[in-house]
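The values are calculated or read from the model by the stated rules, or taken from the named source; none is laboratory data. A quick note: this is a predicted structure, and the numbers were derived from the prediction, not measured. Counting neighbours? That spans all protein chains shown, and the Cβs are built from the backbone with ideal geometry, glycine included. Just the protein is used for accessible areas: all its heavy atoms, side chains included, with ligands, DNA and RNA removed. Shrake-Rupley method; radii C 1.70, N 1.55, O 1.52, S 1.80 Å.
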Amino acid sequence: MFPVVRQMMYGCAALCVNLLLNCTWYSFLYIRGRIIHFIWLLISLSHWGIKAFRVTCERCLHTFVSASWSLEFMEGVQPPTKRRKMAQTSLAAAVPPVTAYRYNGKNVFSLLLQSDALEIPLVYDSQYTFAALDKYPIARGHALLIVKYPAATLLDSLPPMVAQATMEDLQALVRAVQCATGCAGIRVMQANGPAAGQSVPQLHFHIIPVYEHESSSTALITSVAPTQRAQLSAADAGPLLAHIRNVLPESYAPGYHVWAANESDMEALGWAFQQACSIPGTVIALSGHLGAGKSTISRGFVRAFVRDPLLEVPSPTFLLCLSYQDDTAYEDKTVDVSTAGSGGAEGVGMSAAADPAVPPEEEASPAATVASAERARCVHHMDPYRLGQKSDKMAGLIDFETAFRREVCLIEWPDKMPGSVMAMAERGLAVDVSGMGAQASGRLVTLTPLGDRFKPQLGKGRKAGKSGGANSKSSATDPKQQQQLQEQQPQPEPAAPCAGTSGNFAGEPTSPISEGTRVDNDVGYAQLLLHWRQQYPATIPPAEVMWRGGMEAAEASRGDAGAYALAGHRTGAVTTAASRNINPAVAAALDAADSSQWLVLGIESSCDDTAAAVVRGDGTVLSHQIASQTGLHEQYGGVKPDVARQAHAAAIQSTVDSALQQAGVEPGALTAVAVTAGPGLALCLQVGVQYGLNLAAHHGLPYIPVHHMEAHAMMTRLPSINTNPMEFPSLLLLVSGGHNMLVLCEGVGRHRIIGTTLDDSVGECFDKIARVAGITAVPGGPHLERLAASARPDAHVRYPLTLPLSNGAQKDSCNFSFSGLKTQVMTLISQKRKELGLPDLPLPPALAAVAAAAGGSAGPNEAGDVAMDTDAAPPEGAAKGGEVAGAGLTWNGQVDEAAGSALREEAAARQAAAEAEFSAAVADIAASFQRTAVRFLQQRTRRALEWLREDAAQQLGSAITATEPAEVVEKEEDGTGSRQERRQQAGFVRSLVVAGGVAANTAVRTGLSEVAAEFGLPCVYPPVRYCTDNGLMVAWTGVERLKMGLYQQPPRKGADGSIDAHVQVIPRWPIGPMDPRSTANKGRAHIKILH
């Protein structure tokens, strides 16, 4: 600030001296009467005075901006218009006083409430406040309490009931955090105004645990810089989140909450369900997104029910319902009848058999009481997802009245079941699983009594049921039941901190249900969940399952020492169960610390090319083979799914064999098989998945289902083909023939959709316009790009096009729409064709043949041939002398050769001129379209980067780090071998990644590189030859996921040697949750988040 004041003083002094000189000369010349010289000198001195003042003002502005930005910015690096804009932004960034700081509902906290698929869900959501774990924690357990009332600071007035509820909620959260973390102390911090460090304009509190080794330094918390705060991972946050929820008063987070870190944990949770919920008439309703893990929980339940740890339990997605019964033939042959009678409950997998040596008061518990009831004879596993609007057909599969009274029903997607069926459900559990299939994090599982959640209700019943009731303080269940449960918990009072992993700070466990009481309603399940909540707040409830045949049978079924612990033991077996089907050599390679020698085969068959590749764990590409279908689909005018499937089936064996042969690898030497499981064409995906599963089953290899869009993003991380591989977090712009979206990539399996297409993708638009322009190749986008390169410089002026979504509800979102732009271009081309008198384009050969077959065989007249009849009367309009005017053809069939030749040459010349003009016009239209499409991509990408930059500023600009600059300095190579400094805002994305087939377009690359440069980011895109679908991206994604332990067991073939029951593809598979800012408008129902 001092240099600015000094420059202003210099300017004022120079101005005063100039005015003094003007006045002196004026007086002198006036006295002398030298009027002419007076005028000349006055103009001259005034000119120099104005120039001196202007130069002084420019110097002052230069000094002020340099203090906030950098000297390089004002030295001509940016254009003048951008320089003025940035200067205005800097001048407007003055810190407002706390009295002028106002609430703004559009902030990062509002995104937490609006998103229904968070990787790390909220701690709780009550009427006046909600709580979440800080995304960039200062210490383990760092939580935020956010007040919903529209207040920015404590200086704003709060209604008494809001203030009282805020203090009660704050006290409850502090107690829960202390109990879950076991910290030595807790610091509650709250900032008011930007000067104090507040960056989010909504009243909130920081709850920061202080541990023993930190207690001696009171300044430690305030000295943590944003660059030193690592982003919270789901693996760290999940167990803590479940623990905090379980030790909170139940009115804040009803039910029981457990974190399942992996597939084995999910299956172990199914074991616990089976032990406690196998009584007749139990309904377990499992809700969650595609791939969340509902089938994994069900698989654990069924395996424990039939006591077979290796039973293959396929998803009932296609078969709709699968039923299982326990086979007691082994017990009938090996167990004495009297022994079986006395230990029947244990013999069928129950762990709660009565023991005379144990007093009843010590063995009775809600879990044991539920388990000791009569055991169901059958388990039905159902999934109505594939039926869609025809879910009423589920009602005829089984006798639901009997099933809901005497058997156990595992129902995935219960909200899609017929209302008449769910109305018969009397008791059970509602299981809500967080996350999505592509996410690499664990799952938060919430259990609540079933109640009337999925029964058909009027008004708000269905809407309330969808929320799950797990996070709403005001959405308690039956008032009598709520009162009963609250009476069992003492009122919260100051108490000693909780030290262990079990127990509730609110009081001791309530009295269990008396032994022998039949659980015939949801009260019994509520007591069960309360028991689990108090006894196992941080772990999965234990389950002791007596597997059929004991340890010997398990070892025999496995064939090595690994199968063992599953027999007769609880969740300790989940750590070794992961390797039961994998061959020993691969299991040893996975356990080794060195992953650089792993060999992963990738198979891609999502659309129209069959591809396979082998990649080593260090990124070395050993082979890459593609069987292209070029020339196969041109006759259909696009990719025909059934034809593509046939081509995949014919080529996949030779393609994979060629890839393995080129890599010099035998199938048995592979470490894993990665296959694209979705999204894509279902018929095509099935070919690759079936082949990959067969290969994995035959050689005992881990199977890795890969998300197609994530594979495109991971392609930019392959070090052997990328000079500057992508780093997390990055913003991904995926542009291809089937997808068009902006995705925030924070890690493998950690993605959030910022914007997606409402209709067509940009690649689809390129292809369809190419067909209208007369390009028959598939895909036509590259040919259209080459055509646009030959356009005239003023093409966009000759054929102006409207930028999509310039108005309407989606104007300020990051979503895309290319349907309107495509219609504009196709209309221009059609009009130009008619204007020049050119015929319409013919149908593709295959479609023309179908149309001809549908209309019958065409005769010569129908085909357009004119049959001549010399005896017929002359046609109307015939010229005198029997000639048709201007035709050069006499009516008697005699031809004037000279006239006909001239006419043909003239017609050919006109045709050639029209075609040349049409070609030039199409090139101009193509160039205008490409320019408009790139501008649209730039606009939406720029907005997404602005959103993310603002989010980072709010998340890392908290009161605790107010004095620290939120940016770091990185050094990167500039291409010449030298190192160059690049300023990077902390928490902001590290790069802009452009991937997909359209990323090969030069104009797209250039335009997006300009946007990245505006934000000081590098623009990363794969080599052109790897922009389209390939097996390399699938193989490398498999490597990335295998390093994180994200793989599935190789399936066991059925009695007929088939693995068809295990073939699961997901044609519409979301890569992650949708950002609420692009869905909170009228167009939400039409957004394609399930590409």
Residue-level accessible surface for residue 319, protein heavy atoms, 1.4 Å, Å²: 120 Å²
Post the alpha-carbon centroid distance, the stretch 609-668 to the stretch 779-840, in whole angstrom. 34 Å
Accessible area of residue 279 in the full protein assembly, 1.4 Å probe (Å², nearest 10): 10 Å²
Within the stretch 372-397, the residues whose backbone N lies under 19 Å from a label point placed 7 Å from the Cα of residue 423 along the Cα-to-Cβ direction are 390-397
Restricting things to alpha carbons, find the Rg to Rh ratio for the stretch 147-198 using the Kirkwood radius for Rh. 1.04
Once the Cβ-Cβ distance between residue 114 and residue 195 is put in as r, and R0 is 30 Å, what FRET efficiency do you end up with, to the nearest 0.05? 0.55
Gain in span if fully extended, residue 154 to residue 786, counting 0.36 nm per residue against the direct Cα distance: 221.4 nm
With a bin width of 5 angstrom, please list the P(r) values of the stretch 983-1078 as percents of all Cα-Cα pairs, from the 0 bin to the one holding the largest distance. 2, 9, 11, 14, 18, 17, 11, 6, 5, 4, 2, 1, 0
With a Förster radius of 45 Å, plug the Cβ-Cβ distance of residue 919 and residue 595 into 1/(1 + (r/R0)^6) and report the FRET value to the nearest 0.05. 0.25
Neighbours of residue 435 by Cβ distance under 9 Å: Lys/Arg at +1, Asp/Glu at -1, summed charge 0
Suppose accessible area is computed on protein heavy atoms with a 1.4 Å probe; arrange 1074, 826 from highest to lowest. 826, 1074
Report the FRET efficiency, 1/(1 + (r/R0)^6), for residue 20 and residue 935, where r is their Cβ-Cβ distance and R0 is 51 Å, rounded to 0.05. 0.40
Return the distance in nm (one decimal) between the two label points of a simple spin-label model at residue 642 and residue 662, each offset 7 Å from Cα along Cα→Cβ. 3.2 nm
For residue 991 the rounded accessible area (nearest 10 Å², probe 1.4 Å, non-protein molecules ignored) is 0 Å²
Among the listed pairs 390/811; 294/390; 390/822; 768/834; 106/811; 390/455, which have their C-alpha atoms separated by more than 25 angstrom in this model? 390/811; 390/822
Loop-located trypsin sites (Lys or Arg not before Pro) in the stretch 103-204 whose Cβ has at most 13 other Cβ within 10 Å (DSSP): 106
Under 19 Å from a point 7 Å along the Cα-to-Cβ line of residue 323: which residues of the stretch 423-442 have their amide N that close? 424-426
Rh (Kirkwood, all Cα-Cα pairs) for the stretch 650-808, Å, reads 19.2 Å
Inter-label distance, nm, simple model (7 Å from Cα along the C-beta direction), residue 794/residue 585: 7.1 nm
Using a 1.4 angstrom probe with every protein chain in place, what is the largest-first accessible-area order of 621, 108? 621, 108
Pull out the extension gain between residue 1068 and residue 823, defined as 0.36 nm times the separation in residues minus the alpha carbon to alpha carbon distance; nm, one decimal. 85.6 nm
Computed lengthening from residue 1009 to residue 849, 0.36 nm per intervening residue step minus Cα-Cα distance: 53.0 nm
With a 10 Å radius around each residue's Cβ, average the other Cβ atoms per peptide and rank 935-945, 1031-1041, 906-916, 635-645, highest first. 1031-1041, 935-945, 635-645, 906-916
Heavy-atom accessible area ranking, 1.4 Å probe, most first, across 174, 162: 174, 162
Which number do you get for Rg(Cα) / (2.2 N^0.38 Å) in the stretch 716-804? 1.39
In Å², what does the accessible area per residue of the stretch 97-139 work out to with a 1.4 Å probe? 42 Å²
